[in-house]
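Have a look at the structure below, then the notes.
Just so it is clear, none of the values below were taken in a lab; they were calculated from the coordinates. Predicted, not measured: the structure shown is a model, and the values here were computed from it. Cβ coordinates were reconstructed from backbone atoms using ideal geometry, including for glycine residues, and neighbour counts include every protein chain displayed.
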């Protein structure tokens with residue numbers, strides 16, 4: 001799946017701006033075009049993860065030409081596509097096998113019990129809390 005992005009060209013004193021028209025409020029920037037594209041991918045991933053966590057629907061990507069026609073304010077901007085891994089939209093449960101030292105597993109189970117959660121639920125929650133810490 002590829003989301004179209006509109007890119008406002010930057011220069012030596014202005015960052016390259018990026019807007020994702022299909023995802024309301026999703027935008028980013030970078031000091032270079034390459035950095036702007038990387039930041040756009042991170043912004044799209046974060047937007048989709050937050051929408052899924054909030055129970056919202058994820059809009060399908062539009063065609064660039066349709067977006068160009070609908071957004072004359074981006075007439076002088078560049079357009080590109082950012083690839084999104086469809087697996088990030090999949091909530092199917094998957095069994096995984098990990099190896100941990102027994103002492104770590106013991107601590108993990110104790111923390112899960114004290115939180116009133118299963119081991120799997122505790123690990124999943126910690127992964128989401130870790131993601132939020134990185135994105136704030």
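Exposure proxy check: 99, 120, 28, 114 ranked by fewest other beta carbons within 10 Å?
Working: 99 5, 120 12, 28 23, 114 9.
So the residues, fewest neighbours to most, are 99, 114, 120, 28.
With contributions of -39500 (n - 2.57) from each DSSP H run of at least four residues, the per-residue ellipticity at 222 nm computed over the chain stands at -14000 deg cm²/dmol.
The length gained on full extension between residue 62 and residue 81, counted as 0.36 nm times the residue separation minus their Cα-Cα distance, comes to 5.8 nm. Take every pair of alpha-carbon atoms less than 8 Å apart whose residues are at least six positions apart; their mean separation over the length of the chain yields a relative contact order of 24 percent.
Could you list 20, 84, 104 in order of exposure, starting from the residue whose Cβ has the fewest other Cβ atoms within 10 Å? Intermediate results must be reported in sequence, preceding the final value.
On the way: 20 22, 84 17, 104 9.
So the ranking, lowest neighbour count to highest, is 104, 84, 20.
For 5, 98, which order do you get if you count the other beta carbons within 10 Å of each Cβ and list the fewest first? Intermediate results must be reported in sequence, preceding the final value.
Values: 5 29, 98 6.
Arranged by neighbour count, lowest to highest, 5, 98 become 98, 5.
Candidate values (i) 28, 15, 14; (ii) 38, 17, 12; (iii) 24, 22, 19 were compared with semi-axes √(5λ) of the Cα gyration tensor in Å computed on the shown model; the agreeing label is (ii).
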